[in-house]
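Colleague: What follows is a single structure, and I will ask about it in a moment.
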Amino acid sequence: MARAPVLRHGPVVPQVESLLRERLRSGEWRPGQRLPNEVRLAAELGVGRSSVREAVRLLARDGLLDVRHGAGTFVADPPDEGAGVVGVIDVGRLVRRARLLEVYEVRRALEVEAARLAAHRVRPEDVERLRAGLRRRRELDGGNAAAFVTADLEFHRSVVELSGNALLLSLFTAVRPVLFEALTDMVRHEEDLPDVADAHTDLLAALERGDEAAAVAATVDNLESVLSVIRAAVGER
């Protein structure tokens, strides 16, 4: 029986990749097994074939799938645990972290300015909307990684939107797909991610008071905590 689609609003390809990755991790498809064809997977997930094709390409890049032209797509054999070199999955993740570091540095710059501007422009009804978004983020914490990251990024997008600066919002929208993909991967696999729930609460409180300095400080506290993890992953201080 085909699976019911469980996709949420937002970029489709990262969600399809996450769904396929989870099915691989659960053992639904074993090493050497051929996956259903592109048409069938697209129908199961309720997405276009191009989205499935791109998700498969990303998983193949990470060494999880083996695409054999003319034969199909197969689950790759797991890397040799005793090998003395870094496996292809780790290399792929390292490359993504390096890219994420650059994106996160841009994110930090734009969100700090957005928080500063939003502190002057936020209205009571905006605070209620942010509070609802933060509540959703809290409810999803510890559950489905993709859903949690979606809620987190939606909260931050709302803050950027309240800055009233269309260019800042466009920049955030441009980097959001990269953030979604990499942060979802981090939430799933990192054991020592910092708890930034208090920083989010502090940001909301600062915006409600119209406190520019506190809004900036809460944003820096939140993003620097995660940046330290990313820097450590790519060997940068």
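Colleague: How many of the residues in the stretch 148-180 are modelled with pLDDT under 90 and within 16 Å of LEU193 (Cβ to Cβ)?
Modeller: Adding up the residues that qualify gives 2.
Colleague: While we're looking at this one, here's another question. Condition (residue is part of a helix (DSSP H, G or I) and at pLDDT 90 or above) applied to the stretch 182-197: is it met by at least one residue? Show your work before the answer.
Modeller: To start, the set of residues in the stretch 182-197 that are part of a helix (DSSP H, G or I) comprises 182-189, 197.
Checking which are at pLDDT 90 or above leaves us with 197.
Looking for residues that are part of a helix (DSSP H, G or I) and at pLDDT 90 or above, one finds at least one in the stretch 182-197, hence yes.
Colleague: Against the definition (more than 30 Å from ASP62 (Cβ to Cβ), touching a residue at least 60 places away in the same chain (Cβ under 8 Å), of a type in the set (A, V, I, L, M) and surrounded by 15 or more Cβ atoms within 10 Å (Cβ to Cβ)), how does ALA215 come out, yes or no? First the steps, then the outcome.
Modeller: Working: more than 30 Å from ASP62 (Cβ to Cβ): yes; touching a residue at least 60 places away in the same chain (Cβ under 8 Å): yes; of a type in the set (A, V, I, L, M): yes; surrounded by 15 or more Cβ atoms within 10 Å (Cβ to Cβ): yes.
Spelling it out, ALA215 is indeed more than 30 Å from ASP62 (Cβ to Cβ), touching a residue at least 60 places away in the same chain (Cβ under 8 Å), of a type in the set (A, V, I, L, M) and surrounded by 15 or more Cβ atoms within 10 Å (Cβ to Cβ).
Colleague: Name the single residue that is farthest from the chain's Cα centre (by Cα) among those in the stretch 24-37 being surrounded by 15 or more Cβ atoms within 10 Å (Cβ to Cβ) and either without any contact (Cβ under 8 Å) to a residue 24 or more places away in the chain or under 18 Å from VAL187 (Cβ atoms) (or both).
Modeller: Pass one, the stretch 24-37, residues surrounded by 15 or more Cβ atoms within 10 Å (Cβ to Cβ): 24, 29, 35-36.
So of that shortlist, the ones also either without any contact (Cβ under 8 Å) to a residue 24 or more places away in the chain or under 18 Å from VAL187 (Cβ atoms) (or both) come out as 24, 36.
Details: LEU24: 19, PRO36: 26 Å.
The residue in question is PRO36.
Colleague: Is it the case that VAL67 is touching a Ser or Thr at 6+ places or on another chain (Cβ under 6 Å), at pLDDT 85 or above and open to solvent by 30 Å² or more (accessible area, probe 1.4 Å)?
Modeller: yes
Colleague: Let me ask something else about it. Scan the stretch 182-212 residue by residue and report those that are surrounded by 14 or more Cβ atoms within 10 Å (Cβ to Cβ), aliphatic (A, V, I, L, M) and more than 30 Å from ASP62 (Cα to Cα).
Modeller: Within the stretch 182-212, ALA199, LEU203, LEU204, ALA205, ALA206, LEU207 meet the criteria.
Colleague: Name the one entry in ASP152, ASP185, ASP195 that is within 13 Å of the chain's Cα centre (by Cα) and farther than 18 Å from VAL13 by Cβ. Talk me through it step by step, then tell me what you get.
Modeller: Values: ASP185 fails: farther than 18 Å from VAL13 by Cβ; ASP195 fails: within 13 Å of the chain's Cα centre (by Cα).
It is ASP152.
Colleague: Among the residues of the stretch 218-237, write down those that are modelled with pLDDT under 80 and open to solvent by 60 Å² or more (accessible area, probe 1.4 Å).
Modeller: Passing the criteria: ALA232, GLY235, GLU236, ARG237.
Colleague: On the given criteria, is ARG116 of a type outside the set (A, V, I, L, M), in a helix (DSSP H, G or I), open to solvent by 20 Å² or more (accessible area, probe 1.4 Å) and modelled with pLDDT of 95 or more? I'd like the intermediate steps shown before the answer.
Modeller: On the way: of a type outside the set (A, V, I, L, M): yes; in a helix (DSSP H, G or I): yes; open to solvent by 20 Å² or more (accessible area, probe 1.4 Å): yes; modelled with pLDDT of 95 or more: yes.
For ARG116, the condition - of a type outside the set (A, V, I, L, M), in a helix (DSSP H, G or I), open to solvent by 20 Å² or more (accessible area, probe 1.4 Å) and modelled with pLDDT of 95 or more - is met.
Colleague: Among all residue pairs at least 6 apart or on different chains, which show Cβ distances below 9 Å where the first residue, located in the stretch 158-182, is more than 24 Å from LEU207 (Cα to Cα) and the second is open to solvent by 20 Å² or more (accessible area, probe 1.4 Å) and not in a helix (DSSP H, G or I)?
Modeller: Here the result reads PRO177/GLY10; PRO177/PRO11; PHE180/GLY10; PHE180/PRO11; GLU181/PRO11, each pair linking the stretch 158-182 to a residue that is open to solvent by 20 Å² or more (accessible area, probe 1.4 Å) and not in a helix (DSSP H, G or I).
Colleague: Mind checking whether some residue in the stretch 23-46 is closer than 30 Å to GLU224 by Cβ and either modelled with pLDDT under 90 or part of a helix (DSSP H, G or I) (or both)?
Modeller: Looking only at the stretch 23-46, we keep the residues that are closer than 30 Å to GLU224 by Cβ, and these are none.
The answer is no, given that none of the residues of the stretch 23-46 is closer than 30 Å to GLU224 by Cβ and either modelled with pLDDT under 90 or part of a helix (DSSP H, G or I) (or both).
The values are calculated or read from the model by the stated rules, or taken from the named source; none is laboratory data. The structure presented is a predicted model; accordingly, all values stated were derived computationally and were not measured. As a convention, Cβ positions derive from the backbone with ideal geometry for all residues, glycine included, and neighbour counts pool all protein chains shown. We work out accessible area using only protein heavy atoms, side chains counted, and drop any ligands, DNA or RNA first. Shrake-Rupley method; radii C 1.70, N 1.55, O 1.52, S 1.80 Å.
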